[in-house]
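Reading through the structure tokens given below for one structure.
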Amino acid sequence: MALDMIGVSLSGSFPQGTPAVAEMIDNARRVERLGYDAIWSGDHIIMHNPIMDVMTVLATYAAVTERVKIGTAVYLVPLRHPVATAKQVASLDLLSQGRFIFGVGVGGEIVREFNAVNVSVTERGRRTDEGLEIITRVLSEKNVTFEGKHFHLQDVTLEPQPQQKPYPPIWIGGRSPRSLRRALELADGWDPFGFTWEQLRSLLNRARDWPQWEKRVSGFDLALSPEEPLALDDPADVERVREIVESYRAIGATVLNLRFAHRSLQHFLEMLDRFTEDVAAFI
């Protein structure tokens with residue numbers, strides 16, 4: 001598979017403290033100006049760092065860019081009602097003029113955010129299954145009725161519907177082989193985390209024998225991220241990062257999601273410029 005997209009994580013999480021809004025906007029414009037293909041942002045309601053609402057952050061990025069894709073990496077479906085989520089997805093896809101990618105996950109690492117919204121963390125998988133069915137249906141159908149364990153809908157129609165038809169691409173995130181199976185069965189891509197390169201290579205080799213792989217491999221995105229944030233502080237780092245990028249492309253990545261080991265906003269910008277000049281130019 002070819003590497004079709006390189007994206008940069010511009011998270012709404014701020015371990016160094018919340019930056020000025022102008023700096024966030026400048027970062028998004030800079031990513032597009034440097035030629036990258038996508039901007040990703042993660043989602044939590046409560047985290048160990050301050051974090052902004054992901055859909056609001058991405059709507060801001062959409063407003064100040066014209067070309068780059070914008071996407072959630074990933075949105076925690078079980079924490080919200082799926083009809084409200086679908087409304088945000090449709091609105092963001094329209095506001096971005098069809099540039100939105102909806103990466104989703106079940107979460108569970110931070111139990112207190114589930115407690116904060118009165119959702120049992122043990123039910124997150126079932127809530128996600130029901131939630132995704134509802135989201136995809138109300139984004140593409142009218143008069144939707146649904147009866148599940150967690151959600152009940154009667155004759156629901158959302159207007160307006162998204163620009164991308166039947167709805168924006170859905171990528172399923174996760175840290176288990178089951179998440180890959182679910183992605184192949186239900187979604188347009190897989191956005192894993194928590195795997196080493198060797199674990200990914202082994203799993204993808206096994207997955208090529210699954211019946212789901214044969215059905216979905218055409219047009220199915222593998223959005224892979226290096227297991228550790230990339231460092232480009234020394235000249236010797238450049239060759240190492242080039243090798244890392246090539247190793248992920250070799251195991252089938254169609255999308256590369258970049259995270260940089262940075263100490264400050266200025267340091268992040270230096271890493272981004274260095275990757276553009278010394279690595280991206282050779283991909």
- [ ] Report yes if some residue within region 32-50 is more than 23 Å from E123 (Cβ to Cβ) and assigned to a helix (DSSP H, G or I); otherwise report no.
- [x] yes
Task: Looking only at region 41-65, and only at residues there that are aliphatic (A, V, I, L, M) and touching an Asp or Glu at 6+ places or on another chain (Cβ under 7 Å), the one that is farthest from G107 (Cα to Cα) - done: V54
Task: Exclusive hit being farther than 25 Å from A62 by Cβ and in contact (Cβ under 8 Å) with a residue 60 or more places away in the chain, set V83, V106, V119 - done: V106
- [ ] Starting from residues that are more than 30 Å from D188 (Cβ to Cβ) and among the hydrophobic types (A, V, I, L, M, F, W, C), keep the ones in region 230-242 and report whichever is surrounded by the fewest Cβ atoms within 10 Å (Cβ to Cβ).
- [x] A236
- [ ] Give me the pairs, please: first residue somewhere in region 250-266 and within 17 Å of W190 (Cα to Cα) and in a helix (DSSP H, G or I), second residue anywhere and at pLDDT 95 or above and not polar (S, T, N, Q), beta-carbon distance under 7 Å, and either six or more positions apart or on two chains.
- [x] none
Task: The one condition in (1) outside any helix (DSSP H, G or I); (2) crowded, with 17+ Cβ neighbours inside 10 Å that V245 fails to fulfil - done: (1)
Open item on the list: Quick check on my filter: what residues within region 152-189 are free of Cβ contacts under 8 Å to residues at least 60 places away in the same chain and β-branched (V, I, T)?
Closed with: T157
Open item on the list: Of the conditions (1) closer than 19 Å to P168 by Cα; (2) among the polar types (S, T, N, Q); (3) at pLDDT below 95, T72 satisfies every one except a single condition; which number is it?
Closed with: (3)
- [ ] List the number of the failed condition for I101; all other conditions in (1) closer than 19 Å to R175 by Cα; (2) touching a Pro at 6+ places or on another chain (Cβ under 8 Å); (3) β-branched (V, I, T); (4) in contact (Cβ under 8 Å) with a residue 60 or more places away in the chain hold.
- [x] (1)
Open item on the list: Six or more apart or on different chains, Cβ atoms under 8 Å: show the pairs whose first residue is in region 6-31 and in a loop (DSSP other than H, G, I, E, B) and whose second is modelled with pLDDT of 90 or more and of a type in the set (D, E).
Closed with: G12/D53
- [ ] Kindly indicate whether K149 is assigned to a helix (DSSP H, G or I), over 21 Å from S225 (Cα atoms) and of a type in the set (K, R).
- [x] no
- [ ] Evaluate region 190-199: report whether one residue or more is of a type in the set (S, T, Y) and either in a helix (DSSP H, G or I) or touching a residue at least 12 places away in the same chain (Cβ under 8 Å) (or both).
- [x] yes
Open item on the list: Please count how many residues of region 114-139 are buried (at least 16 other Cβ atoms within 10 Å of the Cβ) and either touching a Ser or Thr at 6+ places or on another chain (Cβ under 8 Å) or not hydrophobic (A, V, I, L, M, F, W, C) (or both).
Closed with: 12
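The values are calculated or read from the model by the stated rules, or taken from the named source; none is laboratory data. Predicted, not measured: the structure shown is a model, and the values here were computed from it. Here Cβ is always computed from backbone atoms with ideal geometry, including for glycine, and neighbour counts include all displayed protein chains.
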